[in-house]
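Worksheet: one structure, shown below.
The values are calculated or read from the model by the stated rules, or taken from the named source; none is laboratory data. A quick note: this is a predicted structure, and the numbers were derived from the prediction, not measured. Using ideal geometry, Cβ is built from the backbone for each residue, glycine included, and neighbour counts are taken over all protein chains shown. All accessible areas refer to the heavy atoms of the entire protein, side chains included, with ligands and DNA or RNA removed. Shrake-Rupley method; radii C 1.70, N 1.55, O 1.52, S 1.80 Å.
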Amino acid sequence: MLILGIETSCDETAVALVHDGWRCVANDVASQVKLHAAFGGVVPETASRAHLRWLLPMIDATMDRCGVTWDDIDAVAVTRGPGLVGALLVGVETAKALAWARRKPLIAVHHVAAHLHSPFVSAADGSYRLITLGGDDDAVTGPGAGIAATETVMAIPAPDGDTLPAPPLRYPYVGLAVSGGHTSLVRVDAPDRMTVMAETLDDAAGEAFDKFAKIIGLGYPGGPLVEATARGGDPARFALPRPKLAGSANGRPGALDFSFSGLKTAAATVLRGLGGPDALAADPALRADLCASFQEAVCETLLRKAAVALALTDTPGAPPTQLAVVGGVACNGRLREAVSRYLPGRTVVFPPPELCTDNAAMIAGLAYHLRGAGGCDLTLDADPGMEFPAVPVAAAAAID
Ligand code: KG4
Ligand code: ZN
């Protein structure tokens with residue numbers, strides 16, 4: 001079954017073709033980063049206009065390049081939410097029009113649920129690559145697990161083959177979704193059954209990187225720039241605040257939730273003490289130390305909370321719960337390095353970078369599992385605040 005995926009929730013116009021929910025035929029992304037960089041962040045109206053201009057030509061170009069016609073496509077999948085409403089609308093209305101005109105089923109997909117499913121999708125070259133760290137089972141990591149990062153090629157199917165590789169994760173697993181718009185810990189029981197264990201109360205992790213980069217004058221998008229600048233820096237040079245963990249936060253429900261605004265304020269205070277962005281720019285070693293300290297605080301926060309969520313999900317007698325780290329911030333190399341320190345003995349899976357940042361392959365991939373009887377619902381609307389496909393629970397309550 002070949003699904004055409006469309007993703008326009010933020011600032012990437014993305015189109016993909018995915019067979020049977022996992023084998024990527026095409027994974028094309030037109031990034032708008034250059035359009036937004038001058039403003040230090042995504043300008044919603046600019047994003048919508050760019051999607052409008054690029055989406056249809058991209059769909060044509062992707063199909064032409066792959067020699068795929070509408071007869072070959074079995075369904076159209078689109079991100080319904082969450083995201084920027086104007087940006088989402090371009091994708092949803094385009095998908096509706098195409099599905100209706102071509103008489104194809106239309107499948108609406110939750111953007112973050114698709115990120116959480118992204119480890120199950122093969123890379124665009126047809127291989128099925130995962131970066132796997134740690135290890136509690138050799139099926140995923142192979143010999144030598146638990147020490148260094150290994151990029152695992154699970155199977156390279158023949159162009160027309162449909163060998164389904166061994167699944168990279170065992171259900172239930174915990175997903176840490178970290179991007180510019182989201183920071184969530186989610187228990188994933190099935191592609192259509194996910195339970196939110198923690199969310200951010202203020203900034204998302206990627207947003208924290210972006211805002212910090214702006215404060216110190218690095219530019220946009222912040223995450224990759226902070227990571228590059230932090231290289232060689234001392235992560236212990238500046239004592240920035242760490243999170244309160246569930247169980248030490250008076251047992252209140254929601255203690256697993258994230259909050260990055262305090263960290264951002266603390267970093268801004270340190271910066272002022274150092275003389276501001278100009279003083280920092282004049283001293284590259286100092287700038288590297290501040291970036292490394294900030295990055296370390298974010299990584300430690302994410303992984304220590306993930307450790308609690310994993311412990312909550314463990315079942316006596318079953319192998320340890322696995323973690324999937326997904327979303328743009330999952331590209332961060334320090335986050336991968338820190339896994340062995342904060343999550344010893346756990347299998348942690350990172351999709352390849354092109355499946356971490358926004359893409360439509362994950363949309364088409366998850367859609368395969370959500371396909372119902374079919375049909376094209378012309379009343380489908382974008383849903384900027386779309387809820388997860390499950391009832392959220394306050395996971396931390398279970399610790400007490
Ligand atoms: O998943 P994504 O492409 O879009 C959203 O759904 O938001 O994530 C983009 C975010 C940005 O905030 C960007 O700064 C962050 O991911 N990011 C990184 C890295 N690469 C991208 N953050 C930290 N380190 C990186 N290497
Ligand atoms: Zn995303």
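Residue 342 - would you say it is surrounded by fewer than 22 Cβ atoms within 10 Å (Cβ to Cβ) and either of a type in the set (Phe, Trp, Tyr) or in contact with a Leu (Cβ under 6 Å, 6 or more places away or on another chain) (or both)?
When the stated conditions are applied, residue 342 passes them.
Is it fair to say residue 312 is more than 15 Å from the chain's Cα centre (by Cα) and not in a strand (DSSP E or B)? Explain how you work it out, then say what you get.
Values: more than 15 Å from the chain's Cα centre (by Cα): yes; not in a strand (DSSP E or B): yes.
Spelling it out, residue 312 is indeed more than 15 Å from the chain's Cα centre (by Cα) and not in a strand (DSSP E or B).
Which residue is nearest to residue 206 (Cα to Cα), if the candidates are limited to the range 304-320 and must be open to solvent by 10 Å² or more (accessible area, probe 1.4 Å) and in contact (Cβ under 8 Å) with a residue 60 or more places away in the chain?
Within the range 304-320, the match that is nearest to residue 206 (Cα to Cα) is 304.
Being small (Gly, Ala, Ser), within 17 Å of the chain's Cα centre (by Cα) and open to solvent by 10 Å² or more (accessible area, probe 1.4 Å) is the filter here, so list the residues in the range 66-118 that pass it.
Selection gives 83 alone.
Just checking, how many residues over the range 188-216 are in a loop (DSSP other than H, G, I, E, B), away from ligand 2 (no atom under 16 Å from the Cβ) and at pLDDT 90 or above?
4
Right, residue 223: small (Gly, Ala, Ser), in contact with an Asp or Glu (Cβ under 9 Å, 6 or more places away or on another chain) and open to solvent by 10 Å² or more (accessible area, probe 1.4 Å) or not?
Criteria met by residue 223.
Run down 180, 219, 232 and say which single residue is within 30 Å of residue 10 (Cα to Cα), at pLDDT 90 or above and either part of a helix (DSSP H, G or I) or touching a helix residue (DSSP H, G or I) at 6+ places or on another chain (Cβ under 8 Å) (or both).
One residue alone meets the criteria, 180.
A quick yes/no check of all residues on (1) buried (at least 16 other Cβ atoms within 10 Å of the Cβ); (2) assigned to a loop (DSSP other than H, G, I, E, B); (3) among the charged types (D, E, K, R):
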site	(1), (2), (3)
3	yes, no, no
9	yes, yes, no
16	yes, no, no
26	yes, no, no
49	yes, no, yes
54	yes, no, no
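Here is a list: 348, 329. Which entry is open to solvent by less than 30 Å² (accessible area, probe 1.4 Å), in contact with a helix residue (DSSP H, G or I) (Cβ under 9 Å, 6 or more places away or on another chain), within 12 Å of ligand 2 (Cβ to nearest atom) and not aromatic (Phe, Trp, Tyr)?
Selected residue: 329, the only one of 348, 329 that is open to solvent by less than 30 Å² (accessible area, probe 1.4 Å), in contact with a helix residue (DSSP H, G or I) (Cβ under 9 Å, 6 or more places away or on another chain), within 12 Å of ligand 2 (Cβ to nearest atom) and not aromatic (Phe, Trp, Tyr).
Kindly evaluate residue 299 against the criterion of being within 13 Å of ligand 1 (Cβ to nearest atom) and either of a type in the set (Ser, Thr, Tyr) or open to solvent by 10 Å² or more (accessible area, probe 1.4 Å) (or both).
The answer is no for residue 299.
If I ask for residues that are out of contact with any Asp or Glu (no Cβ under 8 Å at 6 or more places or on another chain), within 14 Å of ligand 1 (Cβ to nearest atom) and open to solvent by 50 Å² or more (accessible area, probe 1.4 Å), which ones from the range 28-47 would you list?
44
Among the residues of the range 281-296, are any in a loop (DSSP other than H, G, I, E, B), open to solvent by 20 Å² or more (accessible area, probe 1.4 Å) and without any contact (Cβ under 8 Å) to a residue 12 or more places away in the chain?
The first filter runs over the range 281-296 and keeps only residues in a loop (DSSP other than H, G, I, E, B), leaving 282-283.
Now restrict to residues that are open to solvent by 20 Å² or more (accessible area, probe 1.4 Å): 282-283.
When the remaining residues are screened for being without any contact (Cβ under 8 Å) to a residue 12 or more places away in the chain, the result is 282-283.
For the range 281-296, residues in a loop (DSSP other than H, G, I, E, B), open to solvent by 20 Å² or more (accessible area, probe 1.4 Å) and without any contact (Cβ under 8 Å) to a residue 12 or more places away in the chain: present.
Residue 323 passes all but one of (1) more than 10 Å from ligand 1 (Cβ to nearest atom); (2) among the hydrophobic types (A, V, I, L, M, F, W, C); (3) surrounded by fewer than 24 Cβ atoms within 10 Å (Cβ to Cβ); (4) under 18 Å from residue 115 (Cβ atoms); which number fails?
Answer for residue 323: the failing condition is (3).
Is there a residue being modelled with pLDDT under 95, on the phi > 0 side of the Ramachandran plot, in a loop (DSSP other than H, G, I, E, B) and more than 16 Å from ligand 1 (Cβ to nearest atom) anywhere in the range 110-127?
Looking through the range 110-127, at least one residue is modelled with pLDDT under 95, on the phi > 0 side of the Ramachandran plot, in a loop (DSSP other than H, G, I, E, B) and more than 16 Å from ligand 1 (Cβ to nearest atom).
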